[in-house]
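The structure appears below as structure tokens.
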Amino acid sequence: MAMELAGLKECLHDVLNKLKLRVATFISDRHVQVRKYMRETYGENRHNQQAPQIKHYFDIWHVAKGELYSLWLQSFLSITWYSITILI
């Protein structure tokens, strides 16, 4: 199990069960296992309806970084393709 997922499970368990705090929103990076765990365990269509519903959002920095990388990659590929077609 990934460290992020293991840490999340342990922390949420402690916050919800030991400290008895209510969590309405959780913000994280876009880690695939964390996303799946939050959706299946605390999302609207969670398996255990006794578990609290927690809205899961992504950190805007990680979303923006992913978008910027995608734009950079597209630009790089376009320039590379253009350079190759000029040489041929």
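Derivation of every value follows stated rules applied to the coordinates shown; laboratory data play no part. Source: prediction; values computed, not measured. Note: ideal-geometry Cβ built from the backbone for every residue, glycine included; neighbour counts use all protein chains shown.
Things worth noting here:
- H56 long-range amide H proximity, modeled H, under 5 Å: F26
- Computed from the Cβ-Cβ distance with R0 of 35 Å, the FRET efficiency linking C11 to S70 stands at 0.70.
- Computed lengthening from W81 to I60, 0.36 nm per intervening residue step minus Cα-Cα distance: 4.4 nm
- Distance between the 7 Å Cα→Cβ label points at D29 and Q50: 3.4 nm.
- Taken about its Cα centre, the chain carries a charge dipole of roughly 320 debye when the Cβ of each Lys and Arg holds +1 and the Cβ of each Asp and Glu holds -1.
- In segment 3-87, taking the dipole from charged Cβ atoms about the Cα centre, the farthest positive-side position among M38, S78, G66 is held by M38.
- Shown for segment 3-87: lysine pairs separated by 8 or more places, or found on different chains, whose C-alpha atoms are under 20 Å apart, numbering 6.
- One entry in [x] -0.25, -0.42, -0.94, -1.23; [y] -0.41, -0.56, -0.96, -1.20; [z] -0.34, -0.53, -0.95, -1.16 is log10 I(q)/I(0) by the Debye sum over Cα atoms at q = 0.10, 0.13, 0.20, 0.24 Å⁻¹ calculated from the shown coordinates; its label is [y].
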